[in-house]
Structure formats: structure tokens, C-alpha cells
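The block underneath contains the structure these notes are about, expressed in C-alpha cells.
The values are calculated or read from the model by the stated rules, or taken from the named source; none is laboratory data. None of these values were measured; they are calculated from a predicted model. No Cβ is skipped: glycine too gets one built from the backbone with ideal geometry, and neighbour counts run over all protein chains shown. SASA here: full protein model, heavy atoms, side chains in, ligands and nucleic acids out. Shrake-Rupley method; radii C 1.70, N 1.55, O 1.52, S 1.80 Å.
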Amino acid sequence: MLSFIKESKISYMVYNFFQKKKLYHNVPLFERYGLKKKYFSPVSSEDFKHLKSEFDRKEDIEAVKETSFYKSQNKENQESLLGFFDLGYCIIKNYLDESTVNQINSEIQTLLDSGKIQFKYRNKLMFAIHHSNLIKKIGEDKSLIELLSILFDGKAKLFQSINFINGSEQKTHSDSIHMTTFPLGGLLGVWIALENTDAENGALHYYPKSHRLPYFMNSDYDNVGTKWKLGNKGYAAYEKMLEDKIKSMNLQKEIFCAEKGDMLIWHANILHGGEAHSDKNRTRKSMVFHYFDENAICYHEVTQRPALF
Ligand SMILES: O=C(O)CCC(=O)C(=O)O
């Protein structure tokens, strides 16, 4: 019975029906892309199969050079920024200074102690931006938003923040399975080290250039479902499919040994995850912001739910 409810699209539709305020922004987008859908309808990559690449995103290096963000960086960070389109990520060293990072860490501790934020999905502190002006201000920094808008050729809007005290230990994935967009590529991740990280305390890992691979979706691991039912493959099947692809293509992983305050920006389709956190005597404090393109339809491919925001 429980699995029937979980797999039924109707139960999600009923839930979405009562979320009109947070979903209605999709209606003009459905119209723009010629989809006959209600604000509460399920959405998946299957709906966009006929539209394809006419909505490819521009990669405009000259526009990146014109941003105030680029102009304010040192040579090393500028070079990394210019490599974003080719590699699928860039690293901005020393983005936040020591005192700002210390303030974030103490704010997170206060929010945790007061119970305003709690661990979800095992080790994630979701949406501290809803409780901390400081963290929201960092996520909505004007020159960062201007840069991100150019990186994905859209209009960047902060969607969520996640704080970690320990390593995520999340298996390799692309964010485009969790935060999918149409047109594809309308998402960016901004990861900030809130203390030094390395292979022993669960560093972030990523596969350079993997953003050029196809976007792997439900159809790639037999999880499409039917008109009324979601696919019944567990998320582990997605992770296994990626593991096999990485092996067969011999992709090379890199580990981000970050210093406190360093930032890494990743492309919507870069494969990434968290290393094992083997040294239990240390924490791995970090923060990640996810941004959507306001001009895109945003949804969760696995459960076919439009994103609420
Ligand atoms: O912080 C990490 O270890 C990984 C985070 C991540 O994969 C994500 O937020 O998408």
C-alpha cells in the first residue's frame, strides 16, 4: 500500500494542488515551451523530448571578462573562471575571509542549538538562508549573481542552501537528476569550504569535463514509469548506472583540497560527490548554494515533481 502511494503520481498532484503560490510561476513557462500542463502536473524529461537542443545555452567567455566579479579577482582566480566552460567547474581561492567564515560557523551553531535548523537526509542542514541574513546575503551577492547568470546564460536565482558539519559522503551524481531544468543546464552549484578539507575529512570530488556527457535521466536507468505511476527503481540504481559509466569511460576523479574560504562553482551536469569522511576526529564544515535559471522549468526528475519556490 505504501509503495502504491509513493509511486502514484496522483498523490503528488494532490500535494502540488495546494502549493499554487510556489508553483504558479511555471504556467507562463509551460506556455512558452508549448506544454499543455497545469501548475500541479508532474514534470519529467520525457515531456521535453520533442524540444531538444534548439535551446542550447551560450558559453560567452568575453561576457565573463566584463563582469565586476571577474575584474575583482586575482590572476589565478581569473584563469580558473575562464576555464569554467571547458572544465565544468572553477575555483575561487580565498573567496570569503576568515572572519566571515567564522561568523557563518557560529551562526550555524546558534541555529542548531536553538533547533531552528535540524539535520535532514542524514547530514544536511537545509535552507539556513531562511534563518540567517548573513548567509542569505552571501548567497545573493549581486556580483556573484551577475556572474552565475552569464555562466549558465540565464537569470540566476538562489534556490537553496545546504550546510554540512561533516562530509556528505554522497556518491557521485549530477545535480541534474535532483534539480533538473528545461532548457537543460539551468542550474549551478556554489560550494564554499568553511574549514580546510582533504581526503581524510570528506573532501568534495568531481570529474573535470564530465558536464559534456549526456544528461543522464530516468530513461537511462529504466525509471520512466507510466502515465499514472512513477518509475520504481531506487536511487541506488541511478548511482550504480553512473558508477558503471565512469568505469567504462575511464573518467578521472579530482579531489578538492580546499582551504577555509575557498569556493568552487560547478556546472549543472558535472559529476561530483563527497569522499569518505574517515577521520572522525575532524569535522568538514562547508556550505553549498544551488541556483536555478528563472527562465527555466525546474523539477526533480526522479519523482517528477516541479520545484517549489
Ligand atoms: O558537499 C559535498 O560533499 C557534496 C555536496 C553535493 O553533492 C551537492 O550539494 O550536490
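Here are a few things to note about the model shown:
- Listed by position, the helices (runs of 4 or more DSSP H) inside the range 67-165 whose residues that are over 23 Å from L187 (Cβ atoms) number at least 1 are 68-71, 75-82, 98-113, 133-139.
- Checking each residue in the range 150-185 for being open to solvent by 30 Å² or more (accessible area, probe 1.4 Å), near the ligand (Cβ under 10 Å from one of its atoms) and touching a strand residue (DSSP E or B) at 6+ places or on another chain (Cβ under 9 Å) picks out E169, Q170, K171, H178.
- Residue list for the range 186-200, filter: buried (at least 22 other Cβ atoms within 10 Å of the Cβ) and farther than 16 Å from L151 by Cα: I192, A193, L194, T197
- Taking the criterion of being more than 12 Å from the ligand (Cβ to nearest atom), within 26 Å of F216 (Cα to Cα) and open to solvent by 10 Å² or more (accessible area, probe 1.4 Å), the residues of the range 250-266 that qualify are N250, L251, Q252, K253, E254.
- Every condition in (1) surrounded by 24 or more Cβ atoms within 10 Å (Cβ to Cβ); (2) within 14 Å of the ligand (Cβ to nearest atom) holds for L147 except the one numbered (2).
- Checking each residue in the range 280-302 for being more than 15 Å from the ligand (Cβ to nearest atom) and open to solvent by 30 Å² or more (accessible area, probe 1.4 Å) picks out K280, N281, E294, N295.
- Checking the stated criteria, A237 turns out to be open to solvent by less than 50 Å² (accessible area, probe 1.4 Å) and farther than 20 Å from F289 by Cα.
- Annotation note: of S44, S99, the sole residue that is open to solvent by less than 30 Å² (accessible area, probe 1.4 Å), over 24 Å from I150 (Cα atoms) and small (G, A, S) is S44.
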